[in-house]
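K.L.:
Pasting a structure below so you can have a look.
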Amino acid sequence: TAGMFLNDVLDLEFDREKYPERPLVRAAISKEAALGAVVVLFIVGSVFFSQSVKAFAGGLLLIALIVLYNFWHKKNLASPLIMALCRVMVYNISFLAFLPSFSSSLLMVGAGLGIYIAVLTFIAKYSRNSMLIGTLIAGISLYDGLVLVLIGYFEGAALAFGAFVLTLVLQKYIKGT
């Protein structure tokens, strides 16, 4: 969420021309308030993962990747790969918060997610088909659900499927971009 807020702050001039409905463009939220939220969310995320040195270090790397992506994404062909790294880091940090080392399963799941996110980000960067993009964004929950089924956490998989449906429903009111 911090990354999305930072994206809106850094893309404000671009959004004034292309997306006048955005909250910062409409002044529904001030630029200062959005930046404050970014800082607070980065701090909260860092504190959440501070019980493990590895998870905390991973969180700092994630923050660096988020900032890099947001400053660089408009003019960088590799930006979908950076976004993919950001999403994969969320999996890795979550894992490191609870277990001491990586596993080959985590690496495979992370690679699958990374490919999905890179393709989604590439499509979002070069397409304006908001229905397709919104469906692909919702599809992240389906991927998570599949992972949860594979590890036998069926209640979590049901929640992930619910998140997929809810995301599609809410996109009727909030455009999936």
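The values are calculated or read from the model by the stated rules, or taken from the named source; none is laboratory data. Small disclaimer: the values here were computed from a predicted structure and weren't measured. No Cβ is skipped: glycine too gets one built from the backbone with ideal geometry, and neighbour counts run over all protein chains shown. These area figures cover heavy atoms from the full protein model, side chains too; ligands, DNA and RNA do not enter into them. Shrake-Rupley method; radii C 1.70, N 1.55, O 1.52, S 1.80 Å.
K.L.:
Would you please name the residue that is nearest to LEU168 (Cα to Cα), looking only at residues in segment 131-146 that are open to solvent by less than 50 Å² (accessible area, probe 1.4 Å) and modelled with pLDDT under 90?
P.N.:
Residue satisfying both the conditions and the ranking: GLY134.
K.L.:
Tally time: how many residues in segment 64-85 are open to solvent by 40 Å² or more (accessible area, probe 1.4 Å) and touching a Phe, Trp or Tyr at 6+ places or on another chain (Cβ under 8 Å)?
P.N.:
Of the residues in that region, 2 qualify.
K.L.:
Restrict the check to segment 20-31 and report whether at least one residue is out of contact with any Phe, Trp or Tyr (no Cβ under 9 Å at 6 or more places or on another chain), part of a helix (DSSP H, G or I) and either over 21 Å from SER130 (Cα atoms) or open to solvent by 90 Å² or more (accessible area, probe 1.4 Å) (or both).
P.N.:
Yes: segment 20-31 contains one or more residues that are out of contact with any Phe, Trp or Tyr (no Cβ under 9 Å at 6 or more places or on another chain), part of a helix (DSSP H, G or I) and either over 21 Å from SER130 (Cα atoms) or open to solvent by 90 Å² or more (accessible area, probe 1.4 Å) (or both).
K.L.:
Looking only at residues in segment 147-167 that are among the aromatic types (Phe, Trp, Tyr) and surrounded by fewer than 16 Cβ atoms within 10 Å (Cβ to Cβ), which one is modelled with the highest pLDDT?
P.N.:
PHE154
K.L.:
When the residues of segment 116-130 are narrowed to those that are open to solvent by 70 Å² or more (accessible area, probe 1.4 Å) and in contact (Cβ under 8 Å) with a residue 12 or more places away in the chain, which ends up nearest to ARG87 (Cα to Cα)?
P.N.:
VAL119
K.L.:
Restricting attention to segment 1-14, which residues are open to solvent by less than 30 Å² (accessible area, probe 1.4 Å) and either at pLDDT below 90 or outside any helix (DSSP H, G or I) (or both)?
P.N.:
Hit for segment 1-14 is ASP11, nothing else.
K.L.:
Check off (1) assigned to a helix (DSSP H, G or I); (2) touching a residue at least 12 places away in the same chain (Cβ under 8 Å); (3) farther than 23 Å from LEU12 by Cα for MET108 and give me the number that stays unchecked.
P.N.:
(2)
K.L.:
Does VAL88 satisfy the criteria of being touching a residue at least 24 places away in the same chain (Cβ under 8 Å), of a type in the set (A, V, I, L, M) and open to solvent by less than 30 Å² (accessible area, probe 1.4 Å)?
P.N.:
So VAL88 passes the test.
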